[in-house]
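First comes the structure, then the notes that go with it.
The values are calculated or read from the model by the stated rules, or taken from the named source; none is laboratory data. Just so we're clear, the structure is a prediction, and the values are computed from it rather than from any experiment. Using ideal geometry, Cβ is built from the backbone for each residue, glycine included, and neighbour counts are taken over all protein chains shown.
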Amino acid sequence: MHKMENTPMIITIIGLIMEGIAVVVLVATSIFMLNIDKITGLGSALEADMSPEEYLEMMKWMDWIGYFILGMTIVLGVFLILNLYLFPRLMKGKYTEEQAKKIYLYQAIWGGINLVMNQITGILYLISGVQGYNGKTDTIEVRDGI
């Protein structure tokens with residue numbers, strides 16, 4: 001069975017936390033965008049500063065952006081659930097060396113894709129995935145510095 005090194009483990013945990021925070025923020029942003037006209041004071045203030053046609057056009061765009069963000073949230077939520085299944089099992093040593101290598105490769109690829117949306121999580125997953133895939137071991141015990 002494969003044992004994950006401390007450094008990639010810590011980096012992966014931080015990445016999972018950051019990915020979870022991103023999904024929560026996207027949900028909140030989507031709800032805000034889809035309900036902006038219902039927020040007391042904000043909708044009427046926006047309506048007062050523009051013509052009715054401009055206000056309706058802006059509300060259509062806000063709805064479109066809200067649904068786009070909701071779609072992104074669903075996709076990222078699915079990947080978060082997948083990562084919450086794969087990565088903790090990898091950390092606990094439940095995979096063979098061959099399986100672990102495939103998961104590290106997936107982690108590195110997902111990190112590369114994630115660079116487009118969430119640079120911090122992308123960098124963390126890239127570092128952890130590449131280190132794990134290459135079999136890099138910690139030369140200094142991480143806890144020694146704590």
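SER30: loosely packed, with under 14 Cβ neighbours inside 10 Å and at pLDDT below 95, yes or no?
It is false that SER30 is loosely packed, with under 14 Cβ neighbours inside 10 Å and at pLDDT below 95.
Could you check how many residues of the stretch 61-88 are among the aromatic types (Phe, Trp, Tyr), crowded, with 17+ Cβ neighbours inside 10 Å and over 19 Å from TRP110 (Cα atoms)? Write out each step before concluding.
If we filter the stretch 61-88 for residues that are among the aromatic types (Phe, Trp, Tyr), which is where we start, we get 61, 64, 67-68, 79, 85, 87.
Next, from what is left, pick out any that are crowded, with 17+ Cβ neighbours inside 10 Å: 87.
Pick out the ones that are also over 19 Å from TRP110 (Cα atoms) and you get none.
Final tally of qualifying residues: 0.
Are there any helices (runs of 4 or more DSSP H) wholly within the stretch 51-146 with 3 or more residues that are at pLDDT 90 or above, and if so which? Let's see the steps before the verdict.
Details: elements: 52-91, 97-114, 119-134.
Counting at least 3 such residues, we get 52-91, 97-114.
Name the single residue that is surrounded by the fewest Cβ atoms within 10 Å (Cβ to Cβ) among those in the stretch 89-106 being among the hydroxyl-bearing types (Ser, Thr, Tyr) and more than 13 Å from MET9 (Cβ to Cβ).
If we take residues in the stretch 89-106 being among the hydroxyl-bearing types (Ser, Thr, Tyr) and more than 13 Å from MET9 (Cβ to Cβ), then THR96 is surrounded by the fewest Cβ atoms within 10 Å (Cβ to Cβ).
Taking the options ILE17, ILE11, name whichever one is buried (at least 18 other Cβ atoms within 10 Å of the Cβ), within 27 Å of LYS94 (Cα to Cα), within 20 Å of the chain's Cα centre (by Cα) and at pLDDT 80 or above.
Criteria check complete, one pass: ILE11.
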